[in-house]
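> The structure is given below, and queries will be raised subsequently.
The values are calculated or read from the model by the stated rules, or taken from the named source; none is laboratory data. Remember, predicted model here, so these are calculated numbers, not experimental data. Positions of Cβ are backbone-derived with ideal geometry, glycine not excepted, and every protein chain shown enters the neighbour counts. The area values use the complete protein model at the heavy-atom level, side chains included, leaving out ligands, DNA and RNA. Shrake-Rupley method; radii C 1.70, N 1.55, O 1.52, S 1.80 Å.
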Amino acid sequence: MRWPFSWVRNAPTQLSPLRVCALYFRDVAAIFTQTLSRKRRVAQVSLTPTGGGSENQPWGRSERNAVQRNNAFAPDALRTRQLADSNRRLLLRLGGLFCAVPLLWPAAAAAATQTNTGSTLDWAVNPETARAAALMASIGKAHWVQEGSGPRIVYIFFDPNCPYSHKLYLSTRAEVGKAGLQLRWIPVGQLEASSPGKAAAILSAPSPLAAFHKNENDWDFGDSPAGGIRPLKHPAPEVVRQLQTNAALMHEADLHTFPVMLYRSASGSAHLIIGLLPDHTLSTVLRSVG
């Protein structure tokens, strides 16, 4: 026998809001139908005579009225009235259950949404997952230099004067465009006094990609390693706002070093790589980008 509302133990963690309400109405309707059926059976039993009458000799109206009067105070009649009262109370409860639907739906929908995202518990267990997911959700605000094309995207925060960012640039030369790998370099000028001007020069150039390549290919390996592009002394306000946005994204994610890689794996989860990886590890990471 299937018990009504037995599905509640799985809701709403395994059931959609629409499914919850469908099962709810199904079981309420089943209880309503069973109640009416029981009430009819009880009424038929209460009118059954103790003697006389058959299918071949149906009762007349006077005989039926007589049976009802004789049974008015019989134990069966008393039980019938008690069951009728119980049924009325049950019907009132069913009415209350119907009225609870507007409260049930938002709660089920909210719980189902939390279950579908699965983020709250996962983020509590792994804060790095939370930080990567939050940054990925905001990464569309960033301003970058695109290198390569394809659906597999890696975002890289870099400083034009960061030697580790430069090493990452050199390590990715063979990977750009390979199997649809696209790199989006996000300049942030923080490390040196000339960093903001060089980052502005890259974003302001007629070809930001060419300016980015010049900064990396003309790298100065002297006493003060630095990017090879000349800093822009008076960048346009729009470029300044773009660099401020890039810096704010790092600050909101509590990131204070370079380089930083952000990407989605083949499973769709966001990942952060902070700092420079060994070449063999970097190749493995880039292959895992989805």
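> In segment 235-260, which residues are farther than 18 Å from TRP144 by Cβ and part of a loop (DSSP other than H, G, I, E, B)? Spell out the reasoning first.
Filtering segment 235-260 down to residues farther than 18 Å from TRP144 by Cβ leaves 237, 254, 256-257.
Within segment 235-260, ASP254, HIS256, THR257 qualify.
> While we're looking at this one, here's another question. I'm trying to understand the selection: among the residues of segment 204-254, which are open to solvent by 60 Å² or more (accessible area, probe 1.4 Å), among the acidic types (Asp, Glu) and touching a residue at least 24 places away in the same chain (Cβ under 8 Å)?
GLU252, ASP254
> Name the pairs: first residue in segment 151-162 and part of a loop (DSSP other than H, G, I, E, B), second residue charged (D, E, K, R) and crowded, with 23+ Cβ neighbours inside 10 Å, Cβ to Cβ under 9 Å, at least 6 apart or on different chains?
Qualifying pairs under 9 Å: ASP159/LYS198; PRO160/LYS198; ASN161/LYS198.
> Which of the residues spanning segment 181-192 are part of a loop (DSSP other than H, G, I, E, B) and either over 37 Å from the mean Cα position of the chain (by Cα) or hydrophobic (A, V, I, L, M, F, W, C) (or both)? Even if it seems obvious, please write down each step before you answer.
Taking segment 181-192 as the starting set, the residues that turn out to be part of a loop (DSSP other than H, G, I, E, B) are 188-192.
Matches in segment 181-192: VAL188, LEU191, GLU192.
> For segment 140-191, enumerate the residues that are of a type in the set (Val, Ile, Thr) and crowded, with 17+ Cβ neighbours inside 10 Å. Outline the logic, then answer.
Here is the first cut: in segment 140-191, the residues of a type in the set (Val, Ile, Thr) are 145, 153-154, 156, 172, 176, 186, 188.
Residues satisfying the conditions are VAL145, ILE153, VAL154, ILE156, THR172, ILE186, VAL188.
> Out of the residues in segment 193-234 that are of a type in the set (Phe, Trp, Tyr) and assigned to a loop (DSSP other than H, G, I, E, B), state the one that is farthest from ASN246 (Cα to Cα). Lay out the reasoning, then the answer.
So the first thing to find is which residues in segment 193-234 are of a type in the set (Phe, Trp, Tyr), and the list is 212, 219, 221.
With assigned to a loop (DSSP other than H, G, I, E, B) added as a condition, the list becomes 219, 221.
Details: TRP219: 23, PHE221: 27 Å.
Only one residue fits best here, namely PHE221.
> Quick check on segment 261-274. Is at least one of its residues in a helix (DSSP H, G or I) and surrounded by fewer than 22 Cβ atoms within 10 Å (Cβ to Cβ)? Spell out how you get there, then give the answer.
Step one: list which residues in segment 261-274 are in a helix (DSSP H, G or I), which gives none.
For segment 261-274, residues in a helix (DSSP H, G or I) and surrounded by fewer than 22 Cβ atoms within 10 Å (Cβ to Cβ): absent.
> Please count how many residues of segment 275-290 are part of a loop (DSSP other than H, G, I, E, B) and either open to solvent by less than 10 Å² (accessible area, probe 1.4 Å) or closer than 17 Å to PRO187 by Cα (or both).
Of segment 275-290, the ones part of a loop (DSSP other than H, G, I, E, B) are 275-278, 288, 290.
From the residues that got through so far, the ones that are either open to solvent by less than 10 Å² (accessible area, probe 1.4 Å) or closer than 17 Å to PRO187 by Cα (or both) too are 275-276.
Final tally of qualifying residues: 2.
> Got a number for residues in segment 172-194 being within 22 Å of ALA270 (Cβ to Cβ) and among the polar types (S, T, N, Q)? Write out each step before concluding.
Let us first name the residues in segment 172-194 that are within 22 Å of ALA270 (Cβ to Cβ), namely 172, 175-176, 178-188.
Pick out the ones that are also among the polar types (S, T, N, Q) and you get 172, 182.
The number of residues fulfilling the criteria is 2.
> Between a residue in segment 164-179 that is farther than 16 Å from GLY227 by Cα and any residue that is part of a loop (DSSP other than H, G, I, E, B) and open to solvent by less than 40 Å² (accessible area, probe 1.4 Å), which pairs come within a Cβ distance under 7 Å, given they are 6 or more apart or on different chains?
Close Cβ pairs (under 7 Å, with a partner that is part of a loop (DSSP other than H, G, I, E, B) and open to solvent by less than 40 Å² (accessible area, probe 1.4 Å)) amount to VAL176/GLY148; GLY177/GLY148; GLY177/GLY150.
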